[in-house]
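What follows is calculated from the coordinates using simple rules that are stated; it is not laboratory data. In this text, all values refer to a predicted model and were calculated from it rather than measured experimentally. FYI the Cβ positions are ideal-geometry reconstructions off the backbone, even for glycines, and counts take in every protein chain you see.
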Amino acid sequence: MSTADPESGQLIAWRGRALEQQLPEAAFPAGSGAPSLVYLCATMLIAAAAIFGFAVYDRGGVPRAVQDSQRDVVSEVARTMNISATRAGTDLDRVIDGLRKPPVPADAALLSKVVSDRVTWSGAAILQTATRQSVAANGVVIPPEVLPNPLPAEATVAVLTADGPALLKIAALDGQRTLVALEPLLMRNLRLNPSARHGVFMITPDGAATLMQGVSAVDSAHLSQVLAGLAGSQRSQSHAVMVKEWPDRQLVVSSAPIGDTGIVVVSVIVAGVTGGTSLRHGVVLGASLLLVAFLAFLLMRAFLVAPVRMLLAQAKADACGVFTATRRTLRTREAFRIAQALAVVSGAGLRGKRWRPSTMQGLALAALVALAWPAVAIGTTVRAPQPKLPEQLFYDEESRAEAVGNVFANALDAGQQTVDRVALGNAKADPAKYGSILEKGLADEYRFRGMYLVDRTGAVVKSAGRKSLRSPQPVPGEAGVRIDPQVRRLPVIYAFRLLDSGYSVVGEFDIDYLLGVMRRNDGRARVVDSQLRTVLDSTGYQAFQPLSGDAVRAVAIDALAGGTVRGQRTTGGQPTLLAAAGLTNPPSVAHLEWVVVVERNPVSLQLPQVVMNRWTLLVSAAVVGILALTFAWQFFIFVWPLRRLAMAAERIRGGEFDDPVPPQRHDDVGAIAMCLEICRQVRHTGSVRFGGAIRLRGSEDDFTAVYPRFPTQRGAGKAAKV
């Protein structure tokens, strides 16, 4: 058929219009070009985000890691002090409740109960509620000027005395007398960096600052400006303060509130200034990423989009009966095989024996090109030298080890005190009635998983809480905290007190609670015994496994000898934050000979070099993810249907015209399949099928028949005839 004939030209034009009405329109995102376009746009966004990320951190100053570390240390100090103050207040409330019961002791005897140890509550007084005049006093004198007027019935007030900040506990005894007790706020000794002129302050609600430890890096005339706005703060914070006279140093001010007492702990250090991330490095990364992505995009277009579009144009022409003497050579194997089948049914020839890559091979090449950038970026980042860690971080790590050790040891000591209180307060109680006594003691002690009364052989007589895990052995002494050496599958830590009757009160610690105490530390924390076996590990562990790592074992051994030690290098020479502290206080846990080891990976710190590496790895991961999504999209939506269509085209090229070509998808591949099916019908039926078969276009002979509904049960009735 010649297209030179005007009548034939009109016929072909009509066929083309009819065909276009039937073929699916490959609009975004259905077209074969959608995956590559999405890949390029997403990669451009990733490159822009990378440049923006490097630009945000491209500024000099004190590393964020130092500021965050100081904030964490101060927060832990404030949390520990708040726990101690809360515990002291609870104990005092318990004492006062007992003293209110008749017979009420004399004032002197009452005060001696309050200030018995002179450590927690250093002074106490009984005042006339109306006049605030002292009736009796014991211990440190409470200055009258710190007393609120009028005296509240129940309150805890933050005050500033000559010895420093303190808490004033006020409790009404009756309508005429009020008990006032003074608790000095004591702070454990921190690891202070002398070269940083480290100073720790406490600020009372009225804004008065008291230096508690270290030295003040700021003179008294400017101290109020540095500490401005911190009084009464209810959140932990850390920020750098610029000093005009220090071009290469800045002040780091970190603060944290002590619960709701109104007192704030503040740390002030002098830290060196370093550069931020390199914007130039970010621009190089973004530009190179765009270059590689554009090359991959061109390969995707060359091996998928261009062949499919050229093939679709030829398929439309063949489906309309256009004779094409010269056909464009397609570069992919699947497209060429389909084009050969189209050429056969349209009467033209298309031969070629040279090797052609498949669409999958072309897309794999594009993927390899795209993967070259993240591979180089990741390899360069992994081989980059580790950043130098600021000296302040090592001091803070030592403080962190001591903080974890103190909290852990105090938790064990508090459990021991609970056992002592239950045992000594009910020393003469009938063992048969100990069930309710243990339940009451367990209700007040959240650190225990259970409390038990055991006989001389260690067998449980009465219990409260969960079943005992301790082996039935006699208690090893009169009182103390122990770990059961007979149980190997998990650490069974317990506190006990031997009674004169031969029975003993035992409280088993909740291991999950102890692990929760350790997990408050930023990083990994472990408790190690004298044989360098792991007792507890905040990251998960198997009990009593040997401690691994030469550097970790070295600091643990040094800490067993006493004190707090640090480790700066691993076996491979990489810098690490590592410190260990022995449990030597309080005395109730010193005999355990345990060591707390804390460790942090420098990769988690907010140092400029670490941030650059982190951004590079994040961008590389995003590129790999986008590429994987694009490759899967192209394979399942286009490559796989093209393969099946090429197999159908092989059958047509071999002379098999009886099997119809099934439609693929509602896109350009589906349009090619429909055109191939039209050409198959033309070869099988005749030229009347050009431009679309009747069954596809529909005709005036088509009709719709409505069939009767089948009855659901036999004899259910006859369906209506339609």
**OP:** Enumerate by residue number the GluC sites (Glu not before Pro) in the stretch 6-107 meeting two conditions: DSSP loop (anything except H, G, I, E, B), and at most 14 other Cβ atoms within 10 Å of the site's Cβ.
**Re:** GLU25
Original post:
Using mean Cβ contacts within 10 Å as the protection proxy, how do 44-52, 193-201 order, highest first?
Top reply: 193-201, 44-52
Original post:
Using the Kirkwood formula over every pair of different C-alpha atoms, what hydrodynamic radius in Å results for the stretch 29-179?
Top reply: 20.5
Original post:
Mind checking the angle between helix 434-443 and the chain's longest principal axis? C-alpha axes, 0 to 90 degrees, to the nearest 10.
Top reply: 60
**OP:** On each of the three principal axes of the Cα atoms of the stretch 406-604, give max minus min coordinate, whole Å, ordered largest first.
**Re:** 63, 28, 27
Original post:
chymotrypsin sites (Phe, Trp or Tyr not before Pro) within the stretch 385-459: which are DSSP loop residues with at most 16 other Cβ atoms inside 10 Å?
Top reply: TYR446
Subject >> Cα centre as origin, Lys/Arg/Asp/Glu Cβ charges: the stretch 188-272 dipole, Debye >> reply: 240
**OP:** Tell me the trypsin sites (Lys or Arg not before Pro) within the stretch 349-424 that lie in a loop according to DSSP and have at most 15 other beta-carbon atoms within 10 Å.
**Re:** ARG351, LYS353, ARG354, LYS388
Original post:
Charges only on Cβ, +1 for Lys and Arg, -1 for Asp and Glu: so what's the dipole of the stretch 473-606 about the Cα centre, in debye to the nearest 20?
Top reply: 420
Subject >> Rounded to the nearest 20 debye, dipole of the chain from Cβ charges on Lys, Arg, Asp, Glu >> reply: 3220
**OP:** With just the Cα atoms of the stretch 188-272, tell me how far they stretch along each of the three principal axes, in Å, largest first.
**Re:** 38, 26, 21
Original post:
Kirkwood-based Rg over Rh for the stretch 484-593 (C-alpha set), two decimals?
Top reply: 1.02
**OP:** Return the inverse of the average 1/r over all pairs of distinct C-alpha atoms in the chain, which is the Kirkwood hydrodynamic radius, in Å to one decimal.
**Re:** 33.5
**OP:** Report the equivalent ellipsoid semi-axes for the stretch 621-689 in whole Å, largest first, defined as the square roots of five times the eigenvalues of the gyration tensor built from alpha carbon atoms.
**Re:** 33, 11, 6
Original post:
Using only Cα atoms, what is the ratio of the radius of gyration of the stretch 181-324 to 2.2 N^0.38 Å?
Top reply: 2.22
Subject >> Rg over Rh, two decimals, the stretch 357-428 (C-alpha only, Kirkwood Rh) >> reply: 1.59
Original post:
Over the stretch 77-184, what relative contact order in percent results from Cα pairs under 8 Å that are six or more residues apart?
Top reply: 23
Subject >> Cross-link pairs LYS440/LYS462; LYS101/LYS169; LYS428/LYS462; LYS113/LYS462 - those with Cα-Cα distance over 24 Å >> reply: LYS113/LYS462
Original post:
Helix 668-684 sits at what angle to the longest principal axis of the chain, using alpha carbons and giving 0 to 90 degrees rounded to 10?
Top reply: 30
Original post:
Mean separation of Cα pairs under 8 Å and 6+ residues apart, divided by the residue count of the chain: what relative contact order is that in percent?
Top reply: 16
Original post:
Ranked from highest to lowest mean number of other Cβ atoms within 10 Å per residue, what is the order of the peptides 213-222, 580-589?
Top reply: 580-589, 213-222
**OP:** With everything on Cα atoms, drop me the angle between helix 550-560 and the longest principal axis of the chain, reported from 0 to 90° to the nearest 10.
**Re:** 10
